[in-house]
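One structure is given here, and the rest of the page talks about it.
The values are calculated or read from the model by the stated rules, or taken from the named source; none is laboratory data. Bear in mind the structure is a predicted one, so any value in this text is a computation, not a measurement. With ideal geometry, Cβ positions are generated from the backbone for all residues, glycine too; neighbour counts draw on all protein chains shown. Just so you know, the surface numbers come from the protein's heavy atoms only, side chains and all, with ligands and any DNA or RNA stripped out. Shrake-Rupley method; radii C 1.70, N 1.55, O 1.52, S 1.80 Å.
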Amino acid sequence: MKKSSNDLNFIKRFAIAVLVVIILTGLLVFLIDPFYHYHKPWFGLKAVLNDKEYQCIGTLRHFDYDTLIVGSSVAENNDNGWYDEAFNCKTIKAIRSYGATADLCYLLDEAFSSGNNIKRVFYNIDPSALNASNETTYEMTGCPMYLYDHNPFNDVQYLYNKGVILEKIPYMIVNSYLTDYNENLSYNWAKWKSFNKESALGLYFRTRNITPMMDEKVYDDQLSGNIELLTSEVEKHPDTEFYFFFPAYSMLWWDGIYRTGERDAFIHCEKEMVRSLLQYDNVKVFCFQNEQEVVTNLDNYMDSIHFSPDINKLMLDQMIAGDYQMTMENYEEMLDDMKAFSDKIVDELIKPYEEQNILTYEQIEE
């Protein structure tokens, strides 16, 4: 009888101990909250942001800010402090890989629902976003939907996540208290990359064959949906100033879309998007694609698209100065000039690389 009683007491104590560990573990994750799912940083911790798929949505819901930098990976190397200083504001990033319009508009909706008074949005338009799907891609690409939805019951996947407990929390604590981590460099990846001609050329895989130029309206169905998504954001928030800009991709990218036959379609998409956006008084549009000194200098790039932080800063400075701004009077001419410049890239500027045999071509499967 005594042994049975002892066994029962042991089981009770063990169950209580397990329950206490479970509660304390969940409480630890809730209090530190490295994905900012419940709150902004507490206990003097810094906003250590290096994992946009897991952290971006939480920061938009819980942080204090009045300015957004919105875009794909080419927008990540912006220093938020540049914007804070230039516009006397508080800036955070709303970033999604690939920068599809539907995904970025989802983030914008979350930001506008946060209760923050958003004064400005700096929105990086990637050309490929204009013909992307009009549906969000978070779930289909494996994003942690328990962080995106508002279902508290599936938070168990976050509160009792081994990676969060053993990796993310220690990483956040170390960067908050033991290093000189700069919160303004959220999601910044530049310090681990090399920006030079060799790297850019090495990561550009040129198609061997040139596809005939497609009809410029080939993407109109997707384009119309994306125009509606963006103009809807502008219409819903007339007191917010939107700065839309096309980033300075390298001449290798232009060579690539010429060879795939998409150049005219991309130019057409840009014209239609710009024309639609410029109808609103709270919109400014800039185009840095024809910044020839930048796009022809491959030392600014790590591949055909991604440029160094110096170019991010240059584009901001040019927006502040009003350079490369598009208006109803000049936008068609500016994009026609870009089309003509892309012909020069193909016919002249890329030729030395061909002659030196330093271009890498895609392998053709037999």
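For a quick check of your reading of the model, give me the residue pairs whose first member lies in region 146-167 and is in contact (Cβ under 8 Å) with a residue 24 or more places away in the chain and assigned to a helix (DSSP H, G or I), whose second is open to solvent by less than 40 Å² (accessible area, probe 1.4 Å) and of a type in the set (G, A, S), with beta-carbon atoms closer than 6 Å and at least 6 apart or on different chains.
From region 146-167, the pairs are L159/G26.
Please specify each residue of region 205-245 satisfying the condition of being within 15 Å of Y106 (Cα to Cα) and assigned to a loop (DSSP other than H, G, I, E, B).
H237, the sole residue that qualifies.
Among (1) under 16 Å from T296 (Cβ atoms); (2) in contact (Cβ under 8 Å) with a residue 24 or more places away in the chain, where does E354 come up short?
(2)
Filter region 65-108 for residues that are in a helix (DSSP H, G or I), among the charged types (D, E, K, R) and touching a residue at least 24 places away in the same chain (Cβ under 8 Å); which is most open to solvent (accessible area, probe 1.4 Å)?
The selected residue is D84.
Quick check: is even one residue across region 273-290 out of contact with any Leu (no Cβ under 8 Å at 6 or more places or on another chain) and β-branched (V, I, T)?
No - not one qualifying residue is present in region 273-290.
Filter region 180-192 for residues that are in a loop (DSSP other than H, G, I, E, B) and open to solvent by 60 Å² or more (accessible area, probe 1.4 Å) and give the result.
Residues satisfying the conditions are D180, N182.
For the condition of a type outside the set (S, T, Y), open to solvent by 10 Å² or more (accessible area, probe 1.4 Å) and either assigned to a loop (DSSP other than H, G, I, E, B) or touching a residue at least 60 places away in the same chain (Cβ under 8 Å) (or both), what is the one hit in Q318, Q279? Please lay out each step first, then the result.
On the way: Q318 fails: either assigned to a loop (DSSP other than H, G, I, E, B) or touching a residue at least 60 places away in the same chain (Cβ under 8 Å) (or both).
Only one candidate passes the filter, namely Q279.
Find the residue count for region 321-349, including only residues that are on the phi > 0 side of the Ramachandran plot and crowded, with 18+ Cβ neighbours inside 10 Å.
Of the residues in that region, 1 qualify.
Here is a check on your reading of the model: is T137 without any contact (Cβ under 8 Å) to a residue 24 or more places away in the chain and either of a type outside the set (G, A, S) or touching a Ser or Thr at 6+ places or on another chain (Cβ under 8 Å) (or both)?
On the way: without any contact (Cβ under 8 Å) to a residue 24 or more places away in the chain: no; either of a type outside the set (G, A, S) or touching a Ser or Thr at 6+ places or on another chain (Cβ under 8 Å) (or both): yes.
It is false that T137 is without any contact (Cβ under 8 Å) to a residue 24 or more places away in the chain and either of a type outside the set (G, A, S) or touching a Ser or Thr at 6+ places or on another chain (Cβ under 8 Å) (or both).
Scan region 300-326 residue by residue and report those that are of a type in the set (S, T, N, Q), in contact with a strand residue (DSSP E or B) (Cβ under 8 Å, 6 or more places away or on another chain) and under 19 Å from I125 (Cβ atoms).
From region 300-326, those of a type in the set (S, T, N, Q) are 300, 304, 308, 312, 318, 325; that's our starting set.
Then keep just the ones that are in contact with a strand residue (DSSP E or B) (Cβ under 8 Å, 6 or more places away or on another chain); that gives 300, 308, 318, 325.
Passing the criteria: Q318, Q325.
Determine whether region 289-301 contains at least one residue that is open to solvent by 70 Å² or more (accessible area, probe 1.4 Å) and under 23 Å from the mean Cα position of the chain (by Cα).
The answer is yes; a qualifying residue exists.
What are the residue pairs meeting all of these: first residue in region 193-222, first residue over 21 Å from R259 (Cα atoms) and open to solvent by 50 Å² or more (accessible area, probe 1.4 Å), second residue outside any loop (DSSP other than H, G, I, E, B) and of a type in the set (S, T, N, Q), Cβ atoms under 7 Å, and 6 or more apart or on different chains?
Pairs that qualify, where the first residue is over 21 Å from R259 (Cα atoms) and open to solvent by 50 Å² or more (accessible area, probe 1.4 Å) and the partner is outside any loop (DSSP other than H, G, I, E, B) and of a type in the set (S, T, N, Q), are Q222/N131.
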